[in-house]
Amino acid sequence: MLLWLLLVIFALVSEQRDSRTLLAPSSVYEGDSITLTCYGENLKIKTVTYYKDTKKLNLSKGVLRFSIPRAVLSDSGNYYCTVTEKRLWWWTKTSKTVKIKVQELFQHPVLTASSFQPTEGVPVTLTCETRLSPQRSNIQLQFCFFRDSHALGSGWSSSPELQIPAIWSEDAGYYWCEAETVTNKVRKQSFQSQIHVQRVPISNVSLETRAPGGQVIEGGELVLLCSVAEGTGNITFSWHREVTGTSLGKKTQRSLSAELEIPVVKESDAGEYYCRADNGHNPIQSEVMNIPVKIPVSCPILTLRAPKAQAVVGDVVELHCESLRGSPPILYRFYHKNITLGNSSAPSGGGTSFNLFLTAELSGNYSCEADNGLEVQRSEAVPLSISGSGGYRRDLVTARALGGLFGVLGFIGAAFLFYCWSHKISGESSATNAPRGASSPNLQEFTHSSPLPAMEELQPVYVNVDSVGVDVVYSQVWSNEQPGDSANTGRTFLENKDFQVIYSSVKKS
């Protein structure tokens, strides 16, 4: 009887262990769902318990299934279940063990960079490298990159690469990436990698000017351009006056150059300038640059300076034109009724003059113009009235005509007298050389052949030669005397033949 009882108990225990079956999927990948089902006789079940590696997973009343929504690698292990059910009494039955291995869907990503020690300003490419399982190669992945817990770019993307156009010192830090399936949301993260960004010091700072027409003109615009040949990161540019050293402005930007604009230039802005650049290393200063400011000419002032209060024909009038402001050289032009009279240059600035000999036609308005290449300004018109122009001109013309006429007549008269005098001397020489045997009546006949009136014989005769147009007057003077008796005629005439005298005197104006 005891033996039969032991056999019955052993059979019940064997039935308890073999009457339950645990169903599980044969192939499991990350992200797959796992459902465990404990099968057996449809008896009244009190409890079902699932175990993984002898560790209780869940305890539910009357539930034959246990699910894992998304499997992970750590879900791999040995699973079984136990069921407590009622027959004659409460029996506990245990299923066989089922081994489940969760396979990797894709490898853990690895972050790579084109350079982990880049120089500021250069581009950097980050890559999130991974590989799908050959059995699940159709799975779609998306990627995201991070720096110091901040997502980079636009967030999740289907591309495993991220382009950083230019990396700077503030971009240094720890980087990593994540890869995730589009479905089932299996996500994996790479290890963190540190990127060190190297900064390039500043070198060769220079200052340049930009102005319309290439010249800095008062009232115009001036741009001061400060630039560096090398230097990375945020660079702080500043502009200074050499005399005071004060800063005119400051800009910080990620660029190799910066501009400072002076919209309206004043004359006081002329002087020496320099700029500085600093990107965290030692600040570098440019060479000092002298910037001259050109000043357009102001409206000139025309002044007429005459020798008398009332200008008359024949006067010399000085036209003085001057601009009070303006960079030299200045060219002045003088006008009479908009007709150019002449021009004069002032190389060092200031004013200049133009002398004008007045004629009757020069009455009217006068003006002048100043031009220094930057601007042309014209003065206001100044009137000039010339008096006594008609009578004076007629008298001057008449005097010149009469002077010319008298000069011609005087020259002709002098020539005639010289001819007569030469002829007379010729006759006297013939009488003197007559033969000794000649009779006296011939001599008397010569003497009386050309008698002169009594008035002409008693008074000297004056003839002025070429008295017009020169400062010396030449005169011929001679006298004729009637002899007292015929016996002495020849002797007296011969003795007085040299009485002709030529005098000269200097005219005084």
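In percent, rounded to a whole number, the relative contact order of the stretch 256-348 is 19, using alpha-carbon pairs under 8 Å and six or more apart. Taking a 30 Å limit on the Cα-Cα distance, which of the listed pairs Lys93/Lys188; Lys266/Lys337; Lys96/Lys185; Lys52/Lys185; Lys93/Lys185 fall beyond it? Flagged as over cut-off: Lys93/Lys188; Lys266/Lys337; Lys96/Lys185; Lys93/Lys185. As a rough guide to protection, the peptides 364-375, 264-275 ranked by mean Cβ packing within 10 Å, highest first, stand as 364-375, 264-275. Length gained on full extension, Glu104 to Ala166, computed as 0.36 nm times the residue gap minus the Cα-Cα distance: 18.7 nm. Taking every C-alpha pair closer than 8 Å and separated by at least 6 residues, the mean separation divided by the residue count of the stretch 191-338 gives a relative contact order of 21 percent. Is the stretch 203-291 best put as rounded, prolate or oblate by its Cα gyration tensor, with a ≥ b ≥ c the root eigenvalues, rounded for a/c under 1.5, and otherwise prolate when a/b is larger than b/c, oblate when not? Prolate is the answer for the stretch 203-291, as a/c is 1.5 or above and a/b outweighs b/c.
Amide H to amide H distances under 5 Å link Tyr29 with Gln103, where only residues 5 or more positions off or on other chains count and H is placed in the peptide plane. Residue-wise HN-Hα couplings along the stretch 261-273, as the Karplus relation 6.51 cos²θ - 1.76 cosθ + 1.60 with θ = phi - 60° gives them from phi, are 9, 10, x, 10, 7, 10, 4, 6, 6, 5, x, 9, 10 Hz; Gly and Pro carry x.
Where in the stretch 121-142 is the amide nitrogen less than 15 Å from a point lying 7 Å along the Cα-to-Cβ axis of Ala151? 142, by backbone N distance to the label point. Our estimate of slack between Ser158 and Phe116, defined as 0.36 nm per intervening residue step minus the Cα-Cα distance, is 12.8 nm.
Between the amide H of Val216 and those of Lys294, distances stay under 5 Å, these residues lying 5 or more places away or on another chain, with hydrogens modeled in the peptide plane. Amide H contacts under 5 Å for Val200: Glu120, Thr232, restricted to partners 5 or more places along the chain or on a different chain, H placed in the peptide plane at 1.01 Å from N. Fully extending the segment from Thr92 to Thr21, taken as 0.36 nm per residue of separation minus the present Cα-Cα distance, adds 24.2 nm.
Throughout, read-outs are computed from the coordinates displayed, never taken from laboratory work. Just so it is clear, the model here is predicted, and its values are computed rather than measured. Note: ideal-geometry Cβ built from the backbone for every residue, glycine included; neighbour counts use all protein chains shown.
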